[in-house]
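To start, the structure under review is shown below, and the notes come after it.
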Amino acid sequence: TQAKQPAAEATAPRRAPAALTHPDRIYWPDAGVTKQGLADYWAEVYDRASPHLTGRPLALVRCPEGIAGERFFQKHLWQGARRAIVAVRDPRDASGAALVSIKDLAGLLGLVQAAALEIHPWGSTVKDWETPDRIVMDLDPGEGVPWEATLAGAVEVAERLKQAGLVPFVKTSGGKGLHVVAPLTPKAQWPQVKAFTKAIADAMAADSPERYVATIAMAKRRGRILIDYLRNQRGATAVAPYSPRARPGAPVSMPLHWDELGPAIGPAYFTVANAPARLAAAADPWADFTAAAAPLADGPRTTTRRR
Ligand code: ATP
Ligand code: MN
Ligand code: MN
């Protein structure tokens, strides 16, 4: 005979469709975000986040004990991963080691089950690993840089991308800086895309050496912003739009409208707690992201500003 359903299950509140183990485990103690809370967050933002998460290799920041415990940056698939997490293989990796990818919300919730607090995708998809479908310019303000200067830096990066015929979008990092992201028609290969982004960073550092640096070695200099173009090389990753960060407060990397940039919204302003209200209240600032994809112009292009 069939076992009777416990009455509690029939009346349980509707939640993310994942049977999580230890749903009450606390991942962000200061913000009070649990494993179930993270799953519910992803279920709420999934429609906007999925184009940036699915069908591409993913690196993960896994924190089995939450942000206060040990963490590891993981690129390879592990034993016991849920079946909704897809194994993908880098055609250029002779070892054939399986990397992590997802196709749907079930896969994303599989990552939650594995305590993946941050998700860092590649800039290309598994349809064509060699041709990125986005540029990510990562603005890393050094110590003492006022927020306004970082905002101005993002606007300048955006102008230079526009000059090259691309459409820039902006998001908070959830950490200290901003990311300017431009969708690409996947056509140019990684070396060309990297050279293009390096040329932008170098030009900004050459035009305004008191404001910008383009290399990590120089970035130790106080008061300057590193224009980190190295997200744009094969195998590099950047935190996904809408991904939470494994940092106090459960901040998330939040897509913004350009006209939202200002002193009111700092790099960690949006969080797992306040993101759903934002999504409900405002139109998707990145609604045109996919349609805005443009190819990188052929050949080298310098973007040094005329003085
Ligand atoms: P912030 O605004 O604080 O700079 P961020 O996400 O831009 O936030 P960065 O330190 O600038 O952080 O970038 C780190 C990048 O390095 C991430 O995009 C991540 O994908 C990548 N990365 C590569 N290896 C690691 C690793 N072992 N641990 C963490 N990140 C790594
Ligand atoms: Mn950064
Ligand atoms: Mn960086």
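Only the coordinates and a few stated rules stand behind these numbers; no lab work does. All figures in this text were calculated on a predicted structure; none of them were measured in a lab. Every residue, glycine as well, gets a Cβ built from its backbone with ideal geometry; the counts of neighbours run over all protein chains shown.
Quick check: residue separation of N274 and R25 times 0.36 nm, minus the Cα distance between them. What number comes out in nm?
Numbers: separation 249, 0.36 × 249 = 89.64 nm, distance 2.03 nm.
Extra length available between N274 and R25 comes to 87.6 nm.
Partners of K127 within straight-line reach, counting aspartates and glutamates whose Cα lies under 20 Å from its Cα and excluding those fewer than 8 residues away in the same chain: D90, D93, D104.
Full extension of the chain between E130 and E65 gives 19.8 nm of extra length, using 0.36 nm per residue less the Cα-Cα distance.
Summing +1 for each Lys or Arg and -1 for each Asp or Glu, what net charge is found among the other residues whose Cβ lies under 11 Å from the Cβ of N232?
Details: positive: R134, K194, K198, R231, R234; negative: D138, D228.
Here the charged neighbours net out to +3.
Taking only C-alpha pairs under 8 Å that are 6+ residues apart, what is the relative contact order of the chain in percent? Please list the in-between numbers first.
Working: 625 pairs, mean separation 60.0, N = 307.
It comes to 20 percent, rounded to a whole number.
Partner aspartates and glutamates whose Cα lies under 19 Å from the Cα of K162, excluding those fewer than 8 positions away in the same chain, are identified as D133, D138, D202, D207, D228, D259, E260, D288, D298. Result for the chain in a Gaussian network model with C-alpha springs under 10 Å: among P244, P267, P23, the largest mean-square fluctuation is at P23.
The angle between the Cα long axis of helix 35-53 and the longest principal axis of the Cα atoms of the chain comes to about 40 degrees, rounded to the nearest 10. Within the listed set D93, D133, D47, the residue fluctuating most in the Gaussian network model of the chain (springs between alpha-carbon atoms under 10 angstrom) is D93.
Residues considered: K171, K127, K194. Largest GNM mean-square fluctuation over the chain, using C-alpha springs under 10 Å, is found at K127. Extending 7 Å from the Cα toward the beta-carbon at both W78 and V155 defines two label points whose distance is 4.4 nm. Candidates A292, H76, A268 compared by Cα position along the dipole of the chain: farthest toward the positive end lies H76, with charges placed on Cβ.
Taking label points 7 Å from Cα along the Cα-to-Cβ direction, Q233 and A297 give a separation of 2.5 nm. For P91, the shell of other residues with beta-carbons less than 15 Å away shows a net charge of +1, using +1 for Lys and Arg and -1 for Asp and Glu.
Measuring nothing but how far apart in sequence close Cα pairs (under 8 Å, 6+ apart) lie, relative to its length, segment 13-100 scores a relative contact order of 21 percent.
Mean residue ellipticity, 222 nm, helices only, the chain: the sum of -39500 (n - 2.57) across DSSP H runs of n ≥ 4, divided by residue count and rounded to 500, is -7500 deg cm²/dmol. Can you pull out the GluC sites (Glu not before Pro) in segment 49-130 whose DSSP state is coil and whose Cβ has at most 15 other Cβ atoms within 10 Å? Those satisfying the criteria are E65, E70, E130. What angle, in degrees between 0 and 90 and rounded to the nearest 10, separates the Cα long axis of helix 190-207 from the longest principal axis of the Cα atoms of the chain? Computed tilt is about 60 degrees.
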